[in-house]
Amino acid sequence: MPLTSAVRAFRRDPAVMVAVVALWALLATFVVYPLATLLVRVFIDKGAFSASGLISVITDRHQIVAFWNSLLLAAIVGVGGTLIGFLFAFTATRARLPRWLLTVVDASVLLPLVSPPFTTAIAMIFSFGPRGLITYELLGLKGVTVYGLASTAFSEILTYFPIAYLTLKPLLAGIDSNVEGMAHSLGAARWRVFRTVTLPLTVPGLANAFLLLFAASLADFATPLILAGNQFPVLPTQAYLQITGLFDLRGGAALSFVLLFPALAVFLLQRYWVSRRFYVTVTGKGAGQAPFDSVSPGMRALLLAACALIALVIVYFYALLAYASLVKALGADHTLTLAHYRVIFTEGLKAIRDTLIIAGLAMPLGGIYGILLGYLVTRHSFAGRRTMELTSMVNYALPGTIVGIAYLIAFNDPPIELTGTALLIVACYVFRYGPTGIRATVALLQQIDRSLEEASTGLGAGSGTTFRRVTLPLIVPAFFAGLGVVFIRSMTAISATIFLVSISWTLITVKILENMTELALGPAAAFSVLVVAIVFIVIALIGRLLRAFRSPGVGQVTSLLGG
């Protein structure tokens, strides 16, 4: 934007320009600068260009194996999680479930989303480890190992398939039953209608869900660290061990740089599928016929049985965690005790307090950041508007390992030395998970007629007054959606912040991981139960507040509370 144009824009709407400049300053500091510093660390050595660090990584046979293992695991999780997510979504939208049963399905799916991502890994060890409840106590097997690709993939699929469910459920619900009914009235059997009508209409959603799960698995380092170990190394864990074990920041940066390519490829593909804007059916009114019953009674029973089996596995895992937190030593001594809770509320009290403080700070800041940036890029024209929106999504798209290492390198030394402070962890959460609020705000504003705001400005109100009196009440649901996601991730995330904790500030998820490595499984289970309880309470409170601010767009953003 030429200088004179910028001056005119500032004079015309100073509040908007000040907000734009402030947001660009924050994005430059907490998004662009860390990534640029990471690239400098990879390619600059002693003031000169050098690719030796990167070459040593891409020629190391062990790291090459870890790279392909990462892609293999992500592909398995993407396929398996998408299939299970589609199964649940199809059952929820086509099996005509009673409301209470649909609530049960949603609740069972919500559990993995509101707990640390490695919670199912802990339950896997409790169930199938050397002293596991199933392998040792029930079947009497000895010397059983639970570690490797199969257990890691199974744990991640159970953890991430709810993302596919939340993606596919509204898509399937949006298919007009009359479209399927017309195919059936022409003589097509239910299976043929499903194969030739329903399934093709969901292909874009299936591709989007697969890419989301692929990216989630690619970013997960805690589950492979617990379950895969040395038997199945993956790149995120190798980068973590390179820094924490060998204290090699340049080597960790190089590994992160290698991981950057598949992560960006998946992000661009996912945006491509979303931007294609497949609107399934836009029919206005129905054709006047009865809704098509796409599932026979026998198939309905089969679908319910399959979903019930998976839901029971999830409920079993979390019930087992609760039980393990209440006995002395699962698999050895099942005497009931509150000792593990005494441990976490004494030795772990600092981690609990620090986590709640950081989450409490990140939650409102992330919500404000989301609606402000979403409002500016949707309702105002200024130079670099699309670039700002894309830049705001960078930390959200990248695996947490890359973001964490980039923050560690960027803010460990002057000119911006923040390592070990709560501010750095809060900033990481805000700029990594705040984009959820941006997406929700953009979605809501696209449904709100601009004439409402134009009428306000036409009557002489400034942009600040129009935003506060007209726009803000309409996008409050997006604000609460942003609050929910930032709080959930602040309580459960670990892949980025594992590199940012210090003696001064630590997190519950880090304490859980430490307990797992020290084989203190009881306190790890107690911490996990506490996190789930806190998150459910906060979600319930946010839900009550959200219902108090109902608007036409609220239905589209409530599902974001799980994502």
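The values are calculated or read from the model by the stated rules, or taken from the named source; none is laboratory data. Nothing here was measured: the structure is a model prediction, and the numbers come from that model. Here Cβ is always computed from backbone atoms with ideal geometry, including for glycine, and neighbour counts include all displayed protein chains. Side chains are part of the model used for accessible areas, which takes the heavy atoms of the whole protein and leaves out ligands, DNA and RNA. Shrake-Rupley method; radii C 1.70, N 1.55, O 1.52, S 1.80 Å.
Data overview
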| quantity | calculated |
| --- | --- |
| Backbone HN-Hα couplings from phi across the stretch 375-388 [Karplus 6.51/-1.76/1.60, Hz, Gly and Pro as x] | 5, 5, 6, 9, 10, 10, 9, 8, 4, x, 4, 5, 5, 4 |
| Ranking by accessible area, most exposed first, for Phe210, Phe480 with a 1.4 Å probe | Phe210, Phe480 |
| C-alpha center-to-center spacing [the stretch 219-235, the stretch 314-346] in angstrom | 25 Å |
| Surface/4 of the Cα convex hull for the stretch 391-451, nm² | 5.4 nm² |
| Whole-Hz couplings from phi, Karplus 6.51/-1.76/1.60, listed for the stretch 312-326; x for Gly and Pro | 5, 4, 5, 4, 4, 4, 6, 5, 5, 4, 4, 5, 5, 6, 10 |
| Two-site label geometry, Ile537 and Leu26: point separation in nm, points 7 Å out along Cα→Cβ | 2.8 nm |
| Relative contact order (percent, whole number), the stretch 311-350, Cα cutoff 8 Å, 6+ residue spacing | 25 percent |
| FRET efficiency for Thr346 and Ile503, using Cβ-Cβ distance with R0 set to 22 Å, rounded to 0.05 | 0.80 |
| Relative contact order (%) - the stretch 463-549, alpha-carbon pairs under 8 angstrom, separation at least six | 38 percent |
| Per-residue HN-Hα couplings for the stretch 471-481 [Karplus 6.51, -1.76, 1.60; θ = phi - 60°; Hz; x = Gly/Pro] | 6, 4, x, 7, 10, 4, x, 5, 4, 5, 4 |
| Counted charge near Phe118, where neighbours are those whose Cβ lies closer than 10 Å (Asp, Glu -1; Lys, Arg +1) | -2 |
| 5 Å binning of all Cα-Cα separations within the stretch 1-130, expressed as whole percents from 0 upward | 2, 7, 7, 9, 9, 10, 10, 10, 11, 11, 9, 4, 1, 0, 0 |
| For Lys328, solvent-accessible area (1.4 Å; no DNA, RNA or ligand), Å² | 110 Å² |
| Residue order for Arg94, Arg547, Arg385 - accessible surface, 1.4 angstrom probe, largest first | Arg547, Arg385, Arg94 |
| Sequence of Val203, Val197, Val535 when ordered by accessible area, the most exposed leading, probe 1.4 angstrom | Val203, Val197, Val535 |
| At R0 = 41 Å, FRET efficiency that the Cβ-Cβ distance of Thr59 and Arg353 yields, to 0.05 | 0.35 |
| Neighbour net charge for Ala362 - beta-carbon separation under 11 angstrom, K R +1, D E -1 | +2 |
| Eligible lysines near Lys142 by straight Cα distance, threshold 22 Å, same-chain separation 8 or greater | Lys328 |
| Per-pair calculated FRET efficiency, R0 = 22 Å: Leu472 and Ala548 via Cβ, rounded to 0.05 | 0.90 |
| Estimated distance in nm for a label pair at Arg131 and Phe261, the labels positioned 7 Å out from Cα along Cα-to-Cβ | 4.5 nm |
| Gain in span if fully extended, His380 to Asp413, counting 0.36 nm per residue against the direct Cα distance | 8.2 nm |
| Segment Leu423-Ala332, extension gain: residue separation times 0.36 nm, minus the distance between their alpha carbons | 28.5 nm |
| Average Cα contact separation per residue, the stretch 1-160, under 8 Å, 6 or more apart, as relative contact order % | 16 percent |
| Net charge contributed by nearby residues that have their C-beta within less than 15 Å of Leu390 (K/R +1, D/E -1) | +3 |
| Potential extension, Leu390-Thr196 segment - 0.36 nm per residue separation minus Cα distance | 66.2 nm |
| Label point 7 Å beyond Cα of Asp248 along Cβ direction - residues of the stretch 35-63 with amide nitrogen under 12 Å | 53-63 |
